[in-house]
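Some notes on the structure that comes next.
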Amino acid sequence: MKLLRPIIAVIIAFGIGAVIIWSSGSSPLEAYKGLFSGAFGDWIGIFDSLFSATPLILTGLATAISFKAGIFNIGVEGSMYLGAFAAAWFGFTFDNLPGLVIIIGAIAFSMAVGVLWGLLPAYLRVRWKVDEIVSTIMLNYVAILFTSYLVNFPFRVPNVANSMSERIAPQAQLPRFTTGSQLNIAFFVAVAVVVIFYIFERRSTLGYEIKMVGLNSLFSRSSGIRNSSVIYKAMMISGAIGALTGALLVLGTYYRFYDFFSPGYGFDGIAVAILSSNNFLGCLAVATLFGALRSGGSMMELFTGIPLDLVNVMEGVIILMVTANLLISRKRRAQRT
Amino acid sequence: MSYLQMENIIKRFPGVLANDNVSVDFNAGEIHAIVGENGAGKSTLMKILYGEYQPDSGRILMNGKELVLRSPRDAIKAGIGMVHQKFMLVASMKVYENIILGDEIAKRGVLNKKQSIETVRKISERYGLQVDVNKPISEISVGSQQRVEILKLLYRKANVLIFDEPTSVLTPSEVESLFKVFRNLKKDGKTVIFITHKLEEVMKTADRISVMKNGKLQGTVSKEDASIPFLTKLMVGGEIPKTTPRKNIEDKKPIVEFESVSYISADGVRRLNNMSFQIHSGEIFGIAGVEGNGQKELIEITIGIKRKFEGTIKFNGDLLNKLDILQRRKLGMAYISEDPFNIGTCLDANLIENLISTRYRDIPFSKGLLINWKRCEEFTESQIKTYGVKAASVKQRASTLSGGNLQKVVIARELSSDPIFVLAAHPTKGLDIKATSFVHDTLIRLRNSGKAILLISANLDELLTLSDRIGVLYRGKLTGVVAPPFDREQIGLMMLGKDVAK
Ligand SMILES: Nc1ncnc2c1ncn2[C@@H]1O[C@H](COP(=O)(O)OP(=O)(O)OP(=O)(O)O)[C@@H](O)[C@H]1O
Ligand SMILES: [Mg+2]
């Protein structure tokens, strides 16, 4: 039942996409053939799809864990920026260390920054009752503009047009699988995080606490669960995974920090979390679907001339349909005894 | 031919047959009570009549014509309305806004506020449903909220009014006025159907009584042919076991000590006023009082939901003021919440998750950071058996339990931790006769074994039978503490603020 809705949403999205393609005078069949062969047609296509999915898996998880605790956290984008810069800084500063040491150090440092960053909106919410939607949106600006300042002034690489940091040490670049695709170890790290989250949710006391606080905070509080401590912990994890997303992009894809590098991965994570109803395995599935759409979409654009924007429209339709469903079922729940 | 008939209704849920071929009819101008044990299928049957559930088979006839009720909307169109146990009002909106919500009298698209208020006022006068239409819902009492629910139905011209345990949330005087409203409705030719567990109420108010058991209708009898023992037998199929006699406790020591406790709410009102009392080991200390005189605040301060207050509270000699709920629970306090739907349970979680919420940190339920779900499940199974919770599986959501079974879940969890002190707020609300007697028995046995119990109840009979001493709460003050033999009339007067303590 739970799976049915997103699947129907996807089918309808493809239907609407077909109408748009058809009305612009192209053949939907040809376009979708391009899309699918781009996404799954050969090994490179599959690799590219998984590569595109990697940041979405992680931002989806980072968002879902806070949503589970009942915190409407929009701030994953911000923690990703800070995490990316932290990893880049570590990577170009300690460039004479062995590769593995830099990688582990950069990731650890980045996640530590993310943890601290996640604490901030949690503190504002717990201590001052500041709505986390507002605070995390504001903090996103702070994070993005702060990293922008860093690469434009103190850490600017002179004599290049774009603002960017130094390259990280070459031995710290995450290995790729083939020369034809950018897919790298980061994908497996993301899958490992999914597995860890999945086990964590089912087995750990904190997983149980997060679920209870998110479902009914009056119940959890009167049972003796410390809601605010659970909120802190959930937001720390969210910040850490958001930062990890940025670190892996720097270490595995860009090899440096670029000003405004993200096309909105953090916000995509919100869609991924909502579509999967905060289910961690669902995040993996939805992110992979989106990754496939995106990498297949660029192939479609290349071969049929239909712009990649179509994929955005289709994603939008899927999100709209599932969230509308969500609203309806929530209303039903409110009406029930 | 009767006005409304339900014919051969069958409704199955996963693992239970909630309604097993039920046929029952209702007349115009009658008050019809529905009784039966927790989980007998009463709410389910009424939700079918209100279009909330669709029966697997069977039909509903009104004036001999078949009614198809696909949703409550259809039911309201047919003149059938229902007041649920859990009210469905928008707390921040005003009374009249709640009443006309979704049914505004609009003229050229503009809401005619004056006219709708006038209509509401007329209805409320006609049936004796006093409410202040301009107050927000959050500021009126539970009894008034219920009147708003009734007004909502009458505003939509309901001829059949269904009430699911309407009296379980009311004070005795509110119950009286509700029954007056019932009689006015009846005089007007309307059909009143109400579910209850209190047979005295049934004998006082109902014209006919339908008894359900295990999903089946045991029969419908008119009041003249009924009696409390007869109905009990029909419901339970046997006698109710006697409760354990209370033992004399020799060496009593104070467990909970309140000293000059005052609480001022955020809006500056003094909700608790200089309260001092002690609860001893082996004692049930009852709190009597009209709802809204500080009970809620007393509960919240005792368990630690609110921690900003004046005065001191001690537990076994230790100061409690600074401790939070977890710390207090660790010291041996347990809390049976007054609201099983919103506080006592998590409706969207399963029974296991509901039963371990106070104990999941402890061995054997978890070790280090990992929960041992197998042990949790075994524990839940055994608790559910002990407390007679009717459930098909421990993995089902709490929301699928009947109201009374939900309350049993709360009690099963809270008493499982072997507490030293139990804060029991309305512990038998919504429970059937058998379960009520079981809870009473459990409380007395706890008392006999030297535990301390603070019992807050809207049911004076319950207080009189269980308490060793009763404190009467009026406007946040203890007007007095009385000991047996209790004088019902005296306590009644004290509840109204008269200082008549002997
Ligand atoms: N939505 C549901 N899903 C699964 N089972 C349900 C659902 N609703 C009710 N049941 C089951 O059907 C049976 C009858 O429930 P119902 O709520 O009608 O009982 P009731 O007579 O109103 O009891 P109570 O006096 O405790 O309120 C119970 O065993 C209950 O667990
Ligand atoms: Mg019921």
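Could you check, for the stretch B:108-125, whether at least one of its residues is modelled with pLDDT under 80 and under 23 Å from B:Asn342 (Cβ atoms)? No: the stretch B:108-125 contains no residue that is modelled with pLDDT under 80 and under 23 Å from B:Asn342 (Cβ atoms).
Taking the conditions exactly as written (in a loop (DSSP other than H, G, I, E, B), within 16 Å of ligand 1 (Cβ to nearest atom) and within 14 Å of chain A (Cβ to nearest Cβ)), does B:Gly430 satisfy them or not? Criteria met by B:Gly430. Pairs linking a residue in the stretch B:67-91 that is within 22 Å of B:Phe194 (Cβ to Cβ) and touching a residue at least 40 places away in the same chain (Cβ under 8 Å) to a residue that is open to solvent by 10 Å² or more (accessible area, probe 1.4 Å) and of a type in the set (Gly, Ala, Ser), with Cβ atoms under 6 Å and 6 or more positions apart or on different chains, are B:Gln85/B:Gly403.
Taking the listed residues A:Ala234, A:Ala247, A:Ala243, A:Ala285, the one that is among the small types (Gly, Ala, Ser), more than 14 Å from chain B (Cβ to nearest Cβ) and open to solvent by 10 Å² or more (accessible area, probe 1.4 Å) is A:Ala285, with no other qualifying.
All of (1) within 10 Å of another protein chain (Cβ to nearest Cβ); (2) farther than 23 Å from B:Val169 by Cα; (3) in contact (Cβ under 8 Å) with a residue 60 or more places away in the chain hold for B:Thr345 with one exception: (2). Just one of the listed residues (B:Asn38, B:Asn63, B:Asn21) is more than 12 Å from chain A (Cβ to nearest Cβ), open to solvent by 10 Å² or more (accessible area, probe 1.4 Å) and within 16 Å of ligand 2 (Cβ to nearest atom), namely B:Asn38. Take the stretch B:357-390 and flag every residue that is in a loop (DSSP other than H, G, I, E, B) and more than 23 Å from the chain's Cα centre (by Cα). Residues satisfying the conditions are B:Arg359, B:Tyr360, B:Arg361, B:Asp362, B:Ile363, B:Pro364, B:Phe365, B:Gly368, B:Leu369, B:Asn372.
The single condition among (1) part of a loop (DSSP other than H, G, I, E, B); (2) open to solvent by less than 40 Å² (accessible area, probe 1.4 Å); (3) at pLDDT below 95; (4) more than 25 Å from B:Ile305 (Cα to Cα) that B:Ala458 does not satisfy is (4). Entry remark, the stretch B:402-427: residues being open to solvent by 20 Å² or more (accessible area, probe 1.4 Å) and either on the phi < 0 side of the Ramachandran plot or within 14 Å of ligand 1 (Cβ to nearest atom) (or both) number 7 in total. If you check A:Phe280, A:Phe257 for being open to solvent by less than 10 Å² (accessible area, probe 1.4 Å) and over 30 Å from A:Arg156 (Cα atoms), only one passes: A:Phe280. Check B:Val439, B:Val389 and return the single one that is within 14 Å of ligand 1 (Cβ to nearest atom), over 26 Å from B:Glu283 (Cα atoms) and free of Cβ contacts under 8 Å to residues at least 40 places away in the same chain. When all the criteria are applied, what remains is B:Val389. Among (1) open to solvent by less than 50 Å² (accessible area, probe 1.4 Å); (2) within 14 Å of chain B (Cβ to nearest Cβ); (3) without any contact (Cβ under 8 Å) to a residue 12 or more places away in the chain, where does A:Arg221 come up short? Unmet condition: (1). When the stretch A:83-97 is filtered for residues that are in contact with a Leu (Cβ under 9 Å, 6 or more places away or on another chain) and hydrophobic (A, V, I, L, M, F, W, C), the ones remaining, listed by number, are A:Ala84, A:Phe85, A:Ala87, A:Ala88, A:Trp89. Scanning the stretch B:39-75 for residues being away from ligand 1 (no atom under 12 Å from the Cβ), of a type outside the set (Ser, Thr, Tyr) and in contact with a helix residue (DSSP H, G or I) (Cβ under 6 Å, 6 or more places away or on another chain) gives a total of 3.
Rundown of residues vs (1) open to solvent by 10 Å² or more (accessible area, probe 1.4 Å); (2) closer than 28 Å to B:Tyr387 by Cα; (3) out of contact with any helix residue (DSSP H, G or I) (no Cβ under 7 Å at 6 or more places or on another chain); (4) in contact (Cβ under 8 Å) with a residue 40 or more places away in the chain, yes/no style:
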residue: B:Arg270; (1), (2), (3), (4): yes, no, yes, yes
residue: B:Ser276; (1), (2), (3), (4): yes, no, yes, yes
residue: B:Ile299; (1), (2), (3), (4): no, yes, yes, yes
residue: B:Thr302; (1), (2), (3), (4): no, yes, yes, yes
residue: B:Gly311; (1), (2), (3), (4): yes, no, yes, yes
residue: B:Lys314; (1), (2), (3), (4): yes, no, yes, yes
residue: B:Leu320; (1), (2), (3), (4): no, no, no, no
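Of all residues in the stretch B:277-319, those satisfying the criterion of being more than 14 Å from every other protein chain (Cβ to nearest Cβ) and in a loop (DSSP other than H, G, I, E, B) are B:Ser281, B:Gly282, B:Gly289, B:Val290, B:Glu291, B:Gly292, B:Asn293, B:Gly294, B:Lys308, B:Phe309, B:Asn316, B:Gly317.
The values are calculated or read from the model by the stated rules, or taken from the named source; none is laboratory data. If you're wondering where the values come from, they're calculated on a predicted model, not measured in any experiment. With ideal geometry, Cβ positions are generated from the backbone for all residues, glycine too; neighbour counts draw on all protein chains shown. Keep in mind that these areas ignore ligands, DNA and RNA; they rest on the heavy atoms of the full protein, side chains included. Shrake-Rupley method; radii C 1.70, N 1.55, O 1.52, S 1.80 Å.
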